[in-house]
Amino acid sequence: MPELPEVETIVRQLNKKVRGKTIKSINNLDSKVVDPKILRILPVKIINIKRRGKLIIIELSNNQFLLTHLRMTGHFQYFLKNNFLNDQKFVVAKFNFDDGSSLTHNSIRKFGGIKLLDKEKLDLEISKLGVEPLGVAFTLKKFNELLLKKSKSNIKTILLNQSLIAGIGNIYAQEALYFVGINPQKKASELSLLKIKQLHAEIIRMLKFAIQKKGSTVNNYTNMGGAGGYQNYLAIYNKKECPKKHKLEKINLGGRGTYFCPVCQR
DNA sequence: AAGGCAGCCTGTAAGC
DNA sequence: TGCTTACAGGCTGCCT
């Protein structure tokens, strides 16, 4: 499922493929998933595509924005002119461009969607998000402050909280905690300064490396060019034993399945 | 106030 | 074998 590295990969691909193109028409629009108000502003040109946390922000020529959240199964696919495959499943919108190419948005579980917003509403949405983990503001000092604020919460739930740090999801949270040997059930207040420093560095290292690998392909997620490569580096997610051959435990934290190694993570 | 959890949705895997 | 059920997951909104 798309987390920061996957969303970043998709944003880069969208910029390469559809920036500067004009949306002439849209079909197969599922109004529950894609805001039908988009139909009223056509034709409209795509100026730029940006990411904030796990959000994809598509800037349009009429000063409005398409805000997309992929949740678990959202997906974009680009087709050159006359290359559209009609047997695609789960299409919730097909954007047709002035040059004959097209972009589909697919969504199996229809959890995410595309909204049309003006600048004011967009800023409101963005303001709910916490610090960008790959931005300059995510310093060790900042990380310490966040942990202090949530000292009674377990560390994994804190990493998943988008209003604190934006972009880390269930997979990368578990992986980062494994690589620094922290039990995901640990309260923030129980972490040593050394562990906090290691975790801070690991989050940055892992996300950057995963972007290099074009994200992870797990279950339904693929980026626009096909599969990512980071899934080959996952240590514990959805596995039975850790790289050191210890048996993994699976518990529920923050409402989500959480793998950890009781030997390596304390 | 802040934490917990149902609900959204549907494919896949496990269970009978 | 074929049906049923449980589970996966990010996030919102309600409940305590």
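FYI, it's all coordinate maths here, none of it is from the lab. A quick note: this is a predicted structure, and the numbers were derived from the prediction, not measured. Neighbour counts run over all protein chains shown; Cβ positions are idealised from the backbone, glycine included.
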Among the listed pairs A:Lys17/A:Lys54; A:Lys128/A:Lys214; A:Lys142/A:Lys245; A:Lys81/A:Lys128; A:Lys24/A:Lys208, give every one whose C-alpha distance is greater than 30 Å.
A:Lys142/A:Lys245; A:Lys81/A:Lys128; A:Lys24/A:Lys208
In chain A the cysteines whose Cβ sits 4.7 Å or more from every other Cys Cβ are none
Helix A:170-179 sits at what angle to the longest principal axis of chain A, using alpha carbons and giving 0 to 90 degrees rounded to 10?
30
Give me the one-decimal nm value for the distance between modelled label points at A:Lys24 and A:Lys245, 7 Å along each residue's Cα-to-Cβ direction.
6.3
On a 0 to 90° scale, report how tilted helix A:140-149 is relative to the longest principal axis of chain A, with both axes built from alpha carbons and the result rounded to the nearest 10.
80
Fewest to most Cβ atoms within 10 Å: A:His105, A:His75 sort as A:His75, A:His105
Pairing the Cα long axis of helix A:4-18 with the longest principal axis of chain A, what angle in degrees results, from 0 to 90 and rounded to the nearest 10?
20
Using 7 Å Cα-to-Cβ label points, what is the A:Ser127/A:Ile47 separation (nm, one decimal)?
2.0
How large is the dipole of chain A about the Cα centre if only Lys and Arg carry +1 and Asp and Glu carry -1, each at its Cβ, rounded to the nearest 20 debye?
500
Which order results if A:Glu241, A:Glu8 are arranged by neighbouring Cβ count within 10 Å, fewest first?
A:Glu241, A:Glu8
Scattering curve values for chain A, log₁₀ I(q)/I(0), Debye with Cα scatterers, q = 0.09, 0.13 Å⁻¹:
-0.44, -0.86
Sort all Cα-Cα distances of region A:140-260 into consecutive 5 angstrom bins from zero, then give the percent of pairs in each bin up to the one containing the longest distance.
2, 11, 21, 24, 20, 13, 7, 2, 0
If one computes the Cα centroid of region A:1-56 and of region A:59-88, what distance in Å separates the two points?
5
Positive end of the dipole of chain A, charges at C-beta (+1 Lys, Arg; -1 Asp, Glu), about the Cα centre: which of A:Ile182, A:Leu122, A:Asn106 has its Cα farthest in that direction?
A:Ile182
Non-local amide H neighbours of A:Ile47 (under 5 Å, H modeled in plane, Pro and chain starts lacking H): which ones?
A:Gly20, A:Glu59, A:Leu60, A:Ser61
With +1 on the Cβ of every Lys and Arg and -1 on the Cβ of every Asp and Glu, the dipole magnitude of region A:140-260 about its Cα centre, in debye rounded to the nearest 20, is 180
A:Gly113 long-range amide H proximity, modeled H, under 5 Å
A:His69
The set of residues whose placed amide H lies less than 5 Å from the amide H of A:Asp98, leaving out same-chain residues fewer than 5 positions away, is A:Thr22, A:Lys24
For region A:66-71, Karplus-derived ³J(HN,Hα) couplings (6.51, -1.76, 1.60; θ = phi - 60°; whole Hz; x for glycine and proline) come out as 9, 9, 10, 10, 7, 6
Tabulate in residue order the Karplus-calculated ³J(HN,Hα) for region A:30-40, using 6.51 cos²θ - 1.76 cosθ + 1.60 with θ = phi - 60°, rounded to whole Hz; enter x for Gly and Pro.
8, 5, 6, 9, 10, 4, x, 4, 4, 4, 6
Just list whichever of A:Lys119/A:Lys187; A:Lys32/A:Lys156; A:Lys149/A:Lys244; A:Lys16/A:Lys213 have alpha carbons separated by over 28 Å in the model shown.
A:Lys119/A:Lys187; A:Lys32/A:Lys156; A:Lys149/A:Lys244
